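Working notes for the structure below.
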Amino acid sequence: MIKRHKTAKELFSYPLYWAECYGVSPFLPTTREEMDALGWDSCDVIIVSGDAYVDHPSFGMAVLGRLLEAQGYRVGIIDQPDWRNTKDFMRLGRPNLYFGVTAGNMDSLINRYTADLKVRNDDAYTPYGVGGKRPDRAVIVYSQRCKEAFHDVPVMIGGIEASLRRIAQYDYWSDEVRRSVLIDSTADILLYGNAERAMIEVTHQMAMGKTLDELTDIRGTTIVRNTPPGGYTEIDSTRVDWPGKVDQIYSPYEYIPEGKCQTKDEEESDVMPIRVIPAPLRRGEKLDPEKTYIRLPSFEKVSKDPVLYAHTSRILHLESNPHNARALIQKHGKKEIWVNPPPIPLETPEMDGVFDLPYARVPHPKYKKARIPAYDMIKTSINIMRGCFGGCTFCSITEHEGRVIQSRSHESILKEIEDIKDKVPGFTGHISDLGGPTSNMYTLNCNDDEVQASCRKLSCVYPTICSNLNTDHSPTTQLYRKTRAVEGIHTVSIASGLRYDLAVEDPEYVRELVTHHVGGLLKIAPEHSEQGTLSKMMKPGMGTYDRFKRMFDKYSKEAGKKQHLIPYFIAAHPGSSDEDMLNLAVWLKTNDFKPDQVQTFYPSPMSLATAMYHSGKNPLKPVTYKSEDVYTPKDAKQRTVQKGFLRYHDPSNWQDLRNTLIKMGRPELIGHGDNKLVPAEEKDKQVRRRPQKAKPGQATGASHTSNRPTMEKNAAAEKARRKNNNGGVAATPTKRRKTKVKSRQQ
């Protein structure tokens, strides 16, 4: 019998590597001199990152570095190296096991460019916020430099940039579908998602003498194969237009590749017969997910066929539940990209162990007093959970962290508050956030392990909240109360995203939040007002927002506090027409909202909304060439106008909005009044002074009987002006004319 709800080896149960005798480093070394001070002759693992090194659990390099250190390994950090040559990549010497490469906490292209593809001048993860300290496509560049520096050292890539590019993906910046980053980077293995389990397993296996070529079935990893593994059943999902009657497909793998030796090992691995089942026939047969993989359309096909791209995106997202996901395979030329199923989520004791590691909680001392903006933002914030089951199509959190919520214990969180009090310089008693991807999903998960093990829903809260979802916020409410009671803590803010459709299910939580944890303004994200667009986002309707607002206003009044909601909206999202944006703008004006910071849809790699943007199809439903088309504003002018609707109150947008309203046949919204969206254009923007009759004796330069200045008065005024401009000496008209002529000649 197959166990449906899968478990994994406990994160801290591995035997420690021999180098654990060196103990804990104050900071992971970034130079050879620091290694010497620790008594190290070499590093076992070297992490290369596009971020400045901040030893804090919100920075990926610190988390994985400290975790490997706790397993007994010596870990070095190469932070923000100069990628133009290999010198920086050699500064810690040759690692004994591998290089671990990441672009950092952000995708390097999103970090560098706005949604309008304009270059940003700053980088929050760099000292002083200086931009340009990491290359575009940093994972590819760093990996190739590591290979140039030490060609025989394995390279492991990971982090959000690599994670969201594990298969062929649409690239907004080049407007094309690119190959898996594993191919382009020439790396040996890719770890996707939160990679603690995979990194520890891979590292221990390599320390025992195994090569990466032997590590083919570790969850959360992506590798390159020459052929599919033997003994599997392949579900062929390379087409969307299967004919009505589908015959069983002959397997192209049921032969021994030419030139291969028929040894026993090879026969049991790559040359064993493989059953190939067309996708339409798979429903009637129960297959062991451990020995089944899905063949995706090849890179060559999805790069030329947007419909197949949308189909591929749908499959990837349906195979994201770690308890029932099957491996994926996608051909890139003569190579096969093999994506193992997602990692098993961490249990609460494991999450506690990761966050209880001995972080210094400050930037590396080499930066001295340099300000790192990202650190300033999170130095007194606490991450209490991971994951998101919201499934918002424009967001990539789910594709990276998964849908299963992983939560820490109250004790671990309270311990971190004590660490902040002890270690953060200048701490004033304000905890800036208790949150994560979504602050009020803490401890919320499926009530039934069996249901969770078989579920393939893309969202637990859309179109309605699943009946199997636990929506009890009491553990979060109790946590808030405990943190406020810690000695030396005077304020605990909640700054992370809030799912108000979940919050309204627990009024006591909303009361606690509004009474004690809102500092006047609370940011929430309805994203849109129109159902057509919301359905492409997988977001709830405005009725839920209205319900939450009533609760928010009620509890604010009871607390004697004047507080407001700050809603966030997205312009130019797939499915959003100008009419939708107009209706949203009218809603904003009716509710007296004048957003200052607004967002234009940013097609990040691998998200479902990006698949809509590229393909014009809706991957939330089965995709065919005749399936639903999705309108998406792509033209720069269209995107600007849609963004302008969100800032209808900004005069710089008025002319574009007037033109658009006229084209839409809605000129009645132009003018002055509460029922108008933008004011009418003023024909003459200069306000002329109406002539007034002078009073007798008034020194106006005009006679009291005429509004026309007299020549005598004008001459006197001109003479006085010339006298003032020349130090009291009146310049003659002749001199003035000569001066002008000379000036022109010059």
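The values are calculated or read from the model by the stated rules, or taken from the named source; none is laboratory data. Bear in mind the structure is a predicted one, so any value in this text is a computation, not a measurement. With ideal geometry, Cβ positions are generated from the backbone for all residues, glycine too; neighbour counts draw on all protein chains shown. These area figures cover heavy atoms from the full protein model, side chains too; ligands, DNA and RNA do not enter into them. Shrake-Rupley method; radii C 1.70, N 1.55, O 1.52, S 1.80 Å.
Each peptide among 508-514, 587-593 gets the average number of other Cβ atoms lying within 10 Å of its residues, and from highest to lowest they stand as 508-514, 587-593.
For mean projected area of the Cα convex hull in nm², the value computed from the atomic coordinates appears in the list (1) 34.1; (2) 40.6; (3) 47.9 under label (3). You can think of it this way: the chain between Asp152 and Asp656 has 175.7 nm of extra reach, that is 0.36 nm per residue less the Cα-Cα gap.
For Gln599, the residues whose amide H sits under 5 Å from its own are Phe569, Ala571, ignoring neighbours fewer than 5 places away on the same chain, with H placed 1.01 Å from N.
Of the beta bridges in segment 99-243, as assigned by DSSP with both residues counted there, near 55 percent are antiparallel.
Our coupling estimate for segment 25-32, obtained by passing each phi through the Karplus curve with A = 6.51, B = -1.76, C = 1.60 and θ = phi - 60°, is 8, x, 9, 5, x, 10, 9, 5 Hz, Gly and Pro reported as x. Antiparallel beta bridges, as assigned by DSSP with both residues in segment 1-141, represent about 15 percent of the total such bridges. Any chance you could give the angle, 0 to 90 degrees and rounded to 10, that helix 138-149 forms with the longest Cα principal axis of the chain? Around 60 degrees separate the two axes. Rounded to whole numbers, the Karplus 3J(HN,Hα) couplings from phi for segment 617-630 are 10, 9, x, 6, 10, x, 9, 9, 5, 9, 6, 3, 8, 10 Hz, using 6.51 cos²θ - 1.76 cosθ + 1.60 with θ = phi - 60°, and x at Gly and Pro. Lys-Lys pairs in segment 293-394 that are eight or more residues apart or on separate chains and whose Cα atoms lie under 16 Å of each other come to 5. 3J(HN,Hα) along segment 572-589, derived from phi through the Karplus expression 6.51 cos²θ - 1.76 cosθ + 1.60 where θ = phi - 60°, amounts to 6, 6, x, x, 9, 8, 4, 4, 4, 5, 4, 5, 5, 4, 5, 4, 4, 5 Hz, with x in place of Gly and Pro. Amide hydrogen proximity for Ile78: with H placed 1.01 Å from N in the peptide plane, the residues at 5 or more positions away or on another chain lying under 5 Å are Ile47, Val48, Ser49. For Val678, the amide hydrogen comes within under 5 Å of the amide hydrogens of Gly671, counting only partners 5 or more places away or on other chains and with H modelled in the peptide plane. Considering only DSSP beta bridges whose two residues both sit in the chain, what percent are antiparallel, to the nearest 5? Approximately 35 percent, going by the DSSP bridge assignments. Ligands, DNA and RNA aside, Ser454 has an accessible area near 60 Å² when probed at 1.4 Å. The mean accessible area for residues of the chain, using a 1.4 Å probe and ignoring ligands and nucleic acids, is 47 Å² per residue. Taking only protein heavy atoms and a 1.4 Å probe, the accessible area of segment 540-593 is 50% carbon and sulfur. Note on Ile566: accessible area approximately 60 square angstrom, rounded to 10, probe 1.4 Å, nucleic acids and ligands left out. Over the residues of the chain, the helix contribution to mean residue ellipticity at 222 nm works out to -9000 deg cm²/dmol, using -39500 (n - 2.57) for each DSSP H run of at least 4.
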